[in-house]
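Visitor: Questions regarding the structure given below will be posed in turn.
The values are calculated or read from the model by the stated rules, or taken from the named source; none is laboratory data. Since the model is a prediction, treat every value here as computed from it, not as a measurement. All Cβ positions, even for glycine, are placed from backbone atoms using ideal geometry, and neighbour counts span all protein chains on display.
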Amino acid sequence: MKHYEIAVIVGSLRKDSLNRQLANAQVKLGPPDFTFRQVQIGDLPLYNQDDDTNLAESVKRLKIEIKTALGLLFFTPEYNRSVPGVLKNAIDHASRPYGESVWVGKPAGIIGVSPGAAGTAMAQQHLRNILAFLDVPTLGQPETFIQLKDGLFDEDGNIGSGSKQFMQKWMNRYVAWVKQYTPCD
């Protein structure tokens, strides 16, 4: 049986991040042949093209983690109707120097949660635009613009019963998406 290593990128550094909580809960819905590993992005320096020839160790680590993953799973908050700067910084680092992007061809899924009624719709659309340029095939449906409401998470931090069916359907579709873009052994 093929094993799928998925890089999970959470676009928030906050200790009690809603999107980190969602990431931790959502990956539990994945099948046994999928392993989800959160990629650390909080220790990356600000991207500066002058550093392309002398990458920081944290940038080297990021690039290796993305390169070795068979798929990508983004959990993004929405800051000022777009993606957080820390997420864009990580994307820029792993796509540079020009011609050495590690994102190319990696199937991706995007999820986000917010207290706002529109969830993270604008941030997700901006992220889709960025990923399209980087040649990252991104799952289009079902979309997941999640508004934080009581019951999204249960007392153990799992997806709550009222949302579990929808979130499982999304995970099943994401798994099929990754398998579609990943050659069989």
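Visitor: Looking at the range 162-185, which of the residues that are of a type in the set (D, E, K, R) and surrounded by 12 or more Cβ atoms within 10 Å (Cβ to Cβ) is farthest from residue 24 (Cα to Cα)?
Guide: Residue satisfying both the conditions and the ranking: 179.
Visitor: Looking at the range 47-57, is at least one residue in contact with a Leu (Cβ under 8 Å, 6 or more places away or on another chain) and closer than 18 Å to residue 138 by Cβ?
Guide: No: zero hits.
Residues checked against (1) of a type in the set (Ser, Thr, Tyr); (2) closer than 24 Å to residue 146 by Cα; (3) in contact with a Pro (Cβ under 9 Å, 6 or more places away or on another chain):
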{"site": "4", "(1), (2), (3)": "yes, no, yes"}
{"site": "8", "(1), (2), (3)": "no, yes, no"}
{"site": "11", "(1), (2), (3)": "no, yes, yes"}
{"site": "14", "(1), (2), (3)": "no, yes, yes"}
{"site": "22", "(1), (2), (3)": "no, yes, no"}
{"site": "40", "(1), (2), (3)": "no, yes, no"}
{"site": "47", "(1), (2), (3)": "yes, no, no"}
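Visitor: A further question on this structure: Which of the following residues is over 17 Å from residue 177 (Cα atoms) and either among the acidic types (Asp, Glu) or not in a helix (DSSP H, G or I) (or both): 105, 99?
Guide: Checking each option against the conditions leaves just 99.
For (1) buried (at least 19 other Cβ atoms within 10 Å of the Cβ); (2) of a type outside the set (Ser, Thr, Tyr); (3) modelled with pLDDT of 95 or more; (4) under 22 Å from residue 178 (Cβ atoms), each residue gets a yes or a no:
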{"position": "20", "(1), (2), (3), (4)": "yes, yes, yes, yes"}
{"position": "27", "(1), (2), (3), (4)": "no, yes, yes, yes"}
{"position": "76", "(1), (2), (3), (4)": "yes, no, yes, yes"}
{"position": "116", "(1), (2), (3), (4)": "no, yes, no, no"}
{"position": "120", "(1), (2), (3), (4)": "yes, no, no, yes"}
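Visitor: So, one more: Output the residues belonging to the range 50-64 that are among the charged types (D, E, K, R) and either part of a loop (DSSP other than H, G, I, E, B) or crowded, with 20+ Cβ neighbours inside 10 Å (or both).
Guide: Passing the criteria: only 52.
Visitor: If you don't mind, there's one more thing I want to ask. If I filter the range 143-161 down to residues being surrounded by 13 or more Cβ atoms within 10 Å (Cβ to Cβ) and not aliphatic (A, V, I, L, M), which single residue comes out as farthest from residue 108 (Cα to Cα)?
Guide: That would be 154.
Visitor: State all residues of the range 5-49 that are farther than 23 Å from residue 100 by Cα, touching a residue at least 40 places away in the same chain (Cβ under 8 Å) and not in a helix (DSSP H, G or I); if no residue qualifies, say none.
Guide: Hits for the range 5-49 are 12, 13, 17, 30, 31, 34.
Visitor: Quick one: would you say residue 80 is farther than 20 Å from residue 25 by Cα, surrounded by fewer than 12 Cβ atoms within 10 Å (Cβ to Cβ) and not hydrophobic (A, V, I, L, M, F, W, C)?
Guide: yes
Visitor: Please indicate, with yes or no, whether at least one residue in the range 46-57 is among the hydroxyl-bearing types (Ser, Thr, Tyr) and farther than 17 Å from residue 178 by Cα.
Guide: yes
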